[in-house]
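Visitor: The structure's right below; bear with me while I get my questions together.
The values are calculated or read from the model by the stated rules, or taken from the named source; none is laboratory data. Bear in mind that the values here come from a model prediction, so they are computed numbers and not experimental data. Ideal geometry is used to build each Cβ from the backbone, glycine not excepted, and the neighbour counts take in all protein chains shown. Side chains included, ligands, DNA and RNA excluded: accessible areas come from the protein's heavy atoms. Shrake-Rupley method; radii C 1.70, N 1.55, O 1.52, S 1.80 Å.
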Amino acid sequence: MSTAFPPGFLWGVATAGHQNEGDNRHSDIWFLEQVEPTVFREPSGQACRSYDLWPTDLDLAQDMGLNAFRFSVEWARIEPQPGVISQEALAHYEAVVDGCLERGLAPVVTFSHFAAPHWFSANGSWTAPDAAQRFADFCALVTRRFGDRIAVAVTLNEPNLVPLLQWEGLPQPVKDLQAATLRAASEKAGVTRYLAGNVMTDDDFPDMRDGLTRAHLAARDAVKAVRPDLPVGLSIAIIDDVARPGGEEIVARKRADVYDHWLELARGDDFIGVQNYERVEYDADGRVALPEGTTLNEMGSAIRPESLGGAVRYAHQVAGVPVLVTEHGMGTQNDSERAAFIEPALAGLQKAVADGVPVLGYCHWTLLDNFEWIFGYGMKFGLHEVDRETFERTPKPSAKAYAAVVAAAR
């Protein structure tokens, strides 16, 4: 791959606290994992033990020749009870930031990667009247502590997930189990309505969307008040939706339902984070069926590396701000499929850059095989395998493939 990416382009991997760190015991997701019934296939437990093994993880990123590392600061660790701040947790995340810098990795920090404090979700989550201010206060606290050393701030991760899953046809039994999980959590917590960022009913979403919107705006202002020059944005999930003849109205309706609110919101931000895994085609009859024998990823979609370029172009077209690819990858048990997927996907991203789309960087999802939310440890997105007993990390061929592309592009 030729060096057509702009100077300072961020080449990174993306991770998430609850999925990697382990023992995130004060979080809402941990609480939901323990209730009966639960939509989670298994509890997160020790995850990848990255809370302790983070230097090893940063070494892996450095060994791949990367210059960026995306991770989340876990609100539930920093503020396990309302107004109670853990200095140990703050010091931990500060050490991670400094560890990134020592290895030449730009810290890309996510303030909310789905998980939130248990007390927050028991009190109405993002629908509570004080939710936006509480989140803004948390973001300001973190920014005052080590915001002078981070490169990029992401407020929210995939706040558009629920309508996207509606369009993708989340099976009704899963929806029913999500609702049952929330009822069980409400009863166990002794509250009327337990809500969480990535276990949500369709009926919950309108109020949650309003609350998440307020939270993003408040958080952005809070971070900027501490460090005005820090790039701030949010990340949304975007499928590359392609209209075949007759499918234009369906694609337009889907975009209005799923993406456009957040892309328009991002017009006031420094960038829009794009998280892309799939391409879907529509014609006049709806979603176009895949040909028999199509090779599928673990999400049940065709392997389409060109989806990344399409999603990035659309996001910039609507938001009008630079794009940061905060997640892109493939769930598959066959790592040779992942290894072969990376170069053509990045060639498509390169073409978008050459055509004038301002792209700040690319973070591959993900560094390690980790806890994939309701799917537990069954799905594999990692560039490195993790032994579930020893937690030893082993590079896969895809790690080498990604490193080779980065070396050629830098």
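Visitor: Within the stretch 155-167, is even one residue open to solvent by 40 Å² or more (accessible area, probe 1.4 Å), assigned to a loop (DSSP other than H, G, I, E, B) and at pLDDT 95 or above?
Guide: no
Visitor: Let me ask something else. If I go through the stretch 251-264 residue by residue, how many of them are buried (at least 19 other Cβ atoms within 10 Å of the Cβ), farther than 14 Å from Val154 by Cβ and touching a strand residue (DSSP E or B) at 6+ places or on another chain (Cβ under 8 Å)?
Guide: Of the residues in the stretch 251-264, the ones buried (at least 19 other Cβ atoms within 10 Å of the Cβ) are 254, 258-259, 262-263.
Now narrow it down to the ones that are farther than 14 Å from Val154 by Cβ: 254, 258-259, 263.
Adding the requirement that they be touching a strand residue (DSSP E or B) at 6+ places or on another chain (Cβ under 8 Å) leaves 254, 259, 263.
Number satisfying all stated conditions: 3.
Visitor: To continue, here is another question. Within the stretch 322-334, which residues are in contact (Cβ under 8 Å) with a residue 40 or more places away in the chain and open to solvent by 20 Å² or more (accessible area, probe 1.4 Å)?
Guide: So in the stretch 322-334, the residues in contact (Cβ under 8 Å) with a residue 40 or more places away in the chain come out as 322-333.
Listed by number, the residues that qualify are Pro322, Gln333.
Visitor: Can you tell me how many residues within the stretch 178-203 are touching a residue at least 60 places away in the same chain (Cβ under 8 Å), in contact with a Leu (Cβ under 9 Å, 6 or more places away or on another chain) and outside any helix (DSSP H, G or I)?
Guide: Qualifying residue count for the region: 7.
Visitor: Okay, moving on. For Glu88, which of the numbered conditions (1) in contact (Cβ under 8 Å) with a residue 40 or more places away in the chain; (2) surrounded by fewer than 19 Cβ atoms within 10 Å (Cβ to Cβ) fails to hold?
Guide: Every listed condition holds for Glu88 apart from (1).
Visitor: Based on what the data block shows, is Phe31 closer than 19 Å to Ile374 by Cα, assigned to a helix (DSSP H, G or I) and in contact with a Ser or Thr (Cβ under 9 Å, 6 or more places away or on another chain)?
Guide: For Phe31, the condition - closer than 19 Å to Ile374 by Cα, assigned to a helix (DSSP H, G or I) and in contact with a Ser or Thr (Cβ under 9 Å, 6 or more places away or on another chain) - is met.
Visitor: Right, something else. What is the residue count in the stretch 122-136 for residues that are in a loop (DSSP other than H, G, I, E, B) and over 17 Å from His26 (Cα atoms)?
Guide: Residues flagged as in a loop (DSSP other than H, G, I, E, B) and over 17 Å from His26 (Cα atoms) within the stretch 122-136 amount to 3.
Per-residue answers, yes or no, for (1) closer than 29 Å to Leu177 by Cβ; (2) in contact with a Leu (Cβ under 9 Å, 6 or more places away or on another chain):
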position	(1), (2)
Val323	no, yes
Gly329	yes, yes
Leu346	no, yes
Lys351	no, no
Cys363	no, yes
Val386	yes, yes
Arg393	no, yes
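Visitor: While we're here: Scan the stretch 182-203 for residues that are surrounded by 15 or more Cβ atoms within 10 Å (Cβ to Cβ), modelled with pLDDT of 95 or more and within 18 Å of Pro117 (Cβ to Cβ) and jot them down.
Guide: Those that are surrounded by 15 or more Cβ atoms within 10 Å (Cβ to Cβ), modelled with pLDDT of 95 or more and within 18 Å of Pro117 (Cβ to Cβ): Leu182, Ala185, Ser186, Lys188, Ala189, Arg193, Tyr194, Leu195, Ala196, Val199.
Visitor: Is it fair to say Leu58 is open to solvent by less than 10 Å² (accessible area, probe 1.4 Å), over 23 Å from Gly273 (Cα atoms), touching a Lys or Arg at 6+ places or on another chain (Cβ under 6 Å) and part of a helix (DSSP H, G or I)?
Guide: no
Visitor: Can you tell me which residues in the stretch 64-88 are in contact with a Pro (Cβ under 8 Å, 6 or more places away or on another chain) and either part of a helix (DSSP H, G or I) or among the hydroxyl-bearing types (Ser, Thr, Tyr) (or both)?
Guide: Trp75, Ala76, Ser86
Visitor: Counting only residues that are touching a Phe, Trp or Tyr at 6+ places or on another chain (Cβ under 8 Å) and crowded, with 22+ Cβ neighbours inside 10 Å, which one in the stretch 370-391 is farthest from Arg338 (Cα to Cα)? Before you say what the answer is, go through the steps one by one.
Guide: Within the stretch 370-391, the subset touching a Phe, Trp or Tyr at 6+ places or on another chain (Cβ under 8 Å) is 370-374, 376-377, 381, 383, 388.
If we keep only those that are crowded, with 22+ Cβ neighbours inside 10 Å too, we end up with 370-371, 381, 383.
Values: Asn370: 16, Phe371: 18, Phe381: 9, Leu383: 9 Å.
Out of the qualifying residues, it is Phe371.
Visitor: On to the next question. In contact (Cβ under 8 Å) with a residue 40 or more places away in the chain, closer than 21 Å to Ala76 by Cβ and of a type in the set (A, V, I, L, M) - does that describe any residue in the stretch 204-213?
Guide: Scanning the stretch 204-213 turns up at least one residue that is in contact (Cβ under 8 Å) with a residue 40 or more places away in the chain, closer than 21 Å to Ala76 by Cβ and of a type in the set (A, V, I, L, M).
Visitor: Looking at (1) more than 19 Å from the chain's Cα centre (by Cα); (2) open to solvent by 20 Å² or more (accessible area, probe 1.4 Å), find the lone condition where Tyr277 falls short.
Guide: If we test Tyr277 against (1) more than 19 Å from the chain's Cα centre (by Cα); (2) open to solvent by 20 Å² or more (accessible area, probe 1.4 Å), just (1) comes out false.
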